[in-house]
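One structure is given below, encoded as structure tokens.
The values are calculated or read from the model by the stated rules, or taken from the named source; none is laboratory data. All figures in this text were calculated on a predicted structure; none of them were measured in a lab. Positions of Cβ are generated from backbone atoms using ideal geometry, with glycine treated the same way; all protein chains shown enter the neighbour counts. With ligands, DNA and RNA removed, areas are computed over all heavy atoms of the protein, side chains included. Shrake-Rupley method; radii C 1.70, N 1.55, O 1.52, S 1.80 Å.
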Amino acid sequence: MSFRIDRRAFLKSQSALAAATLMPDAFAQAKIPLLYTESASAEDIRAKVMMDQLVPAIASEFELKPYFNSTLFKQGTELLAMQRGNLDMSALSIPDFQRQIPAWGIVGNAYVFRDMDHMFKVYNSDVGKQLFKMAEDIGIKILSVHYIGTRHVSLRVKKKINTPADMAGIRLRMPAGEGWQFLGECLGANPTPIPFAEVYAALQTGAIDGQDNPMPLTKTMKFYEVLSQYILTGHLINCNLFSIAKKKWDSLTPAQQTKLQTASTEYSATVTKQFAAEEKELAAFFKSQGLDVYTPDLAAFQKFALDKTKKSKYIKEWVPGMLEKIEAM
Ligand code: KDO
């Protein structure tokens, strides 16, 4: 019986074998791809810190491929994409979780957090653990949390705003999602959903009267070019929940998990620091750009939001006793 050797196949196998021996690393340690997308723009603090700090920090094990400006998935669909295995990681918002876990509404409600420190105290407590466990139960592992600024109302229209009654009829863009729309109602406004990437055009064309992004995002996206005033309602201490699909997380070795967890914690700490520092300078910057920047009757805004929340279906979806625990921290 004669063996006909296929010369081409033989040569191919030999060259592959040679390559493997010459470059053991390339074959032995194939990098784990991590597909990432979020709605922040490529100029955003989060994107810059990701490219400068996070990507290199995990490069020995992972190839993190970020897509910014919602170029891979529409804002608000990232969580679903992660559950379906089409996306590995994203910086998620509270209403993204609230869609499937109504109890999450508590941490996305107007005026629940007093300030950034209070927010982190809550996420680092057993309340945070309870919420993060609920996230894992729907297939999302939250790695870390970063502060992206405090949300205030900013308007294109010049109408003076002192109380929620003054917001009646104001077409306020809020991100899509029931939790976001309710937040807009808690400000007395008429909320309308528009993706983050389309807010500038909506302000420019007059399709909306205003929006509520934190100052650092209003700066990065140049929204201030089409705004006339910043009303410092401080209605939400805003964060992103830096997350990975649990199936992907569970597929990693303990060493890879430790590497990714440590780098993510450090990433969110740097992002938080830069947002908090930049935010302090921005009221002066917006005034220099000709915007009116002032504080409204905060007690009136807080009372209105609390009354609206108490009368809403949402408060019934919260974990009993959780609000008291948060307020006591
Ligand atoms: C926005 O769409 O207004 C928002 O600020 C909501 C935030 O929770 C967050 O999703 C943010 O967009 C994106 O990260 C883009 O900055």
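Only Cα pairs under 8 Å and 6+ residues apart enter the sum, and on that basis the relative contact order of the stretch 227-329 stands at 48 percent.
For the stretch 29-83, the percent of C-alpha pairs falling in each 5 Å distance bin, counted from 0 to the bin holding the largest distance, reads 4, 20, 25, 22, 19, 8, 1.
Normalising the Debye intensity of the stretch 103-238 to I(0), with uniform scatterers on Cα atoms only, and taking log10 at q = 0.09 Å⁻¹ returns -0.29.
Show which aspartates and glutamates lie in cross-link reach of Lys219 when reach means a straight Cα distance below 20 angstrom and same-chain residues fewer than eight apart are skipped. Within the straight-line cut-off, Lys219 pairs with Glu38, Glu43, Asp44, Glu198, Asp209, Glu278, Glu279, Glu281, Asp292.
For the stretch 30-328, a crude dipole built from +1 on the beta carbon of Lys and Arg and -1 on the beta carbon of Asp and Glu, taken about the Cα centre, is about 380 debye to the nearest 20. Rounded to a whole number of µm²/s, how large is the Stokes-Einstein D of the stretch 243-311 at 20 °C and 1.002 mPa s, given Rh as the Kirkwood radius over C-alpha pairs? After rounding, the answer is 129 µm²/s. Remark on the stretch 52-134: hydrodynamic radius 15.0 angstrom, per the Kirkwood mean of 1/r across alpha carbon pairs. The residues of the chain expose, per residue, 47 Å² of accessible area to a 1.4 Å probe.
Ligands, DNA and RNA left out, the accessible area of the chain computed with a 1.4 Å probe is 56% carbon and sulfur.
In the frame of its principal axes, the chain has Cα extents of 94, 44, 34 Å, reported largest first.
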